[in-house]
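Undergrad: I have a structure here, written as structure tokens, and I will follow up with some questions on it.
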Amino acid sequence: MEQPSAFPVKTREMHNHHFDSTIWNEFPFRDDDIIIATYAKSGTTWMQQIVSQLIFNGIEGLEVAEMSPWLDLRIPPREVKMPPLEAQTHRRFIKTHLPLDALVFSPKAKYIFIGRDGRDVIWSMYNHHYNANQHWYDALNLTPGLVGPPIGKASDSVVEYFQEWLDKDGYPFWSFWQYLNSWWPARNLPNVHFVHFQNLKDDPAGEIKKIAAFLDIPVQGETFDAILEHCSFNYMKKNAVKAVPLGGAFWDGGAETFINKGVNGRWKDVLSAEESAKYEAIAAEKLDPACEKWIRTGQM
Ligand code: A3P
């Protein structure tokens, strides 16, 4: 059946040390699937925890990372990733980091998109990359199917790391601006819900209620209190092993390294006013003004 033209249509594949976008091409969607989409380091794991808590009424001990794979990560390969996902009998929730023009979009699945200021993203990414261990490099660089250059070590300076990302349009990952530009026009579709990291931080109860309503999951009373508690930073840090990919095996310090600080603005005392202004000028040049404002502040 032809998709209504208002729905996004995939126009390209993306391959690099992390991505293999082709896995979505034959993906057998279910009508109640939930897709969690972020550029990276924007609260993906947090949203996976929230969605798991909503689906399972606030119970503890869920193997969230295992239940909710990053589908377009090229490892493990689809033969390993797909069977357990197809065997799931509960409502599925799947993670993606693809720009929307490289993702197959189902008009019936529900998409939760999370945004975070690029400076916060890179401060978080630096911790992720700098503390990655040899298993991470080997998995990304030595697993067959690598397209493009391998990923190298992170600089010893977070500012240098940030500048290189900014100057080389997302290096060594993918373009932040293109990513945002691909998703922004979809924000008002009935099956898409935008969340900003800062808003989730400022008002978790309000934002989680909106997410529950979007997913048609009724929650109240003690169950809601349990959900809130299980999605708090302190709870997730303490129970990071179940929430973080591979229980944190890819990072020095394990899963707790991944659930690092959980706050925005750590760059404020580190970047100079000129460096920050340069980021803002590029954001203003690359993004629709409303998108630039939203990603910086969370205000629509
Ligand atoms: P920091 O590195 O800034 O601490 P992702 O899951 O997309 O990789 O994002 C990881 C970021 O989300 C990390 O940010 C992590 O600490 C933060 N995070 C995860 N759970 C959180 C929570 N419950 N509250 C606040 N931040 C959380």
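The values are calculated or read from the model by the stated rules, or taken from the named source; none is laboratory data. Remember, it's a predicted structure, so these values are computed and weren't measured experimentally. Because the Cβ atoms are built from the backbone with ideal geometry, glycine has one as well, and the counts that use them run over all protein chains shown. When the accessible area is computed, the model is the full protein with side chains, heavy atoms only, and any ligands, DNA or RNA have been set aside. Shrake-Rupley method; radii C 1.70, N 1.55, O 1.52, S 1.80 Å.
Undergrad: Among the helices (runs of 4 or more DSSP H) confined wholly to segment 241-300, which include 1 or more residues that are touching a Gly at 6+ places or on another chain (Cβ under 6 Å) and open to solvent by less than 30 Å² (accessible area, probe 1.4 Å)?
TA: Hits in segment 241-300: 255-258, 289-297.
Undergrad: Working only within segment 258-300, note down all residues that are within 12 Å of the ligand (Cβ to nearest atom) and over 17 Å from the mean Cα position of the chain (by Cα).
TA: Within segment 258-300, Gly265, Arg266, Trp267 meet the criteria.
Undergrad: While we're on this one: Take segment 98-119 and flag every residue that is within 12 Å of the ligand (Cβ to nearest atom) and open to solvent by 10 Å² or more (accessible area, probe 1.4 Å).
TA: Of everything in segment 98-119, just one residue is within 12 Å of the ligand (Cβ to nearest atom) and open to solvent by 10 Å² or more (accessible area, probe 1.4 Å), namely Arg116.
Undergrad: Does Phe19 satisfy the criteria of being at pLDDT 95 or above and touching a strand residue (DSSP E or B) at 6+ places or on another chain (Cβ under 9 Å)?
TA: Taking the combined requirement at face value, the residue satisfies it.
Undergrad: Okay, next question. Just to be sure, is Trp165 part of a helix (DSSP H, G or I), more than 16 Å from the ligand (Cβ to nearest atom) and surrounded by 16 or more Cβ atoms within 10 Å (Cβ to Cβ)?
TA: Taking the combined requirement at face value, the residue does not satisfy it.
Undergrad: Then there is this: If only one of Ile55, Ile75 is more than 25 Å from Asp202 (Cα to Cα) and open to solvent by 10 Å² or more (accessible area, probe 1.4 Å), which one is it?
TA: Selected residue: Ile75, the only one of Ile55, Ile75 that is more than 25 Å from Asp202 (Cα to Cα) and open to solvent by 10 Å² or more (accessible area, probe 1.4 Å).
Undergrad: Hey, Asp33 hits all of (1) of a type in the set (Asp, Glu); (2) within 16 Å of the chain's Cα centre (by Cα); (3) buried (at least 17 other Cβ atoms within 10 Å of the Cβ) but one; which does it fall short on?
TA: (2)
Undergrad: Also, I was wondering about something else. Can you tell me how many residues in segment 38-52 are under 15 Å from Val244 (Cα atoms), open to solvent by less than 30 Å² (accessible area, probe 1.4 Å) and within 11 Å of the ligand (Cβ to nearest atom)?
TA: 10
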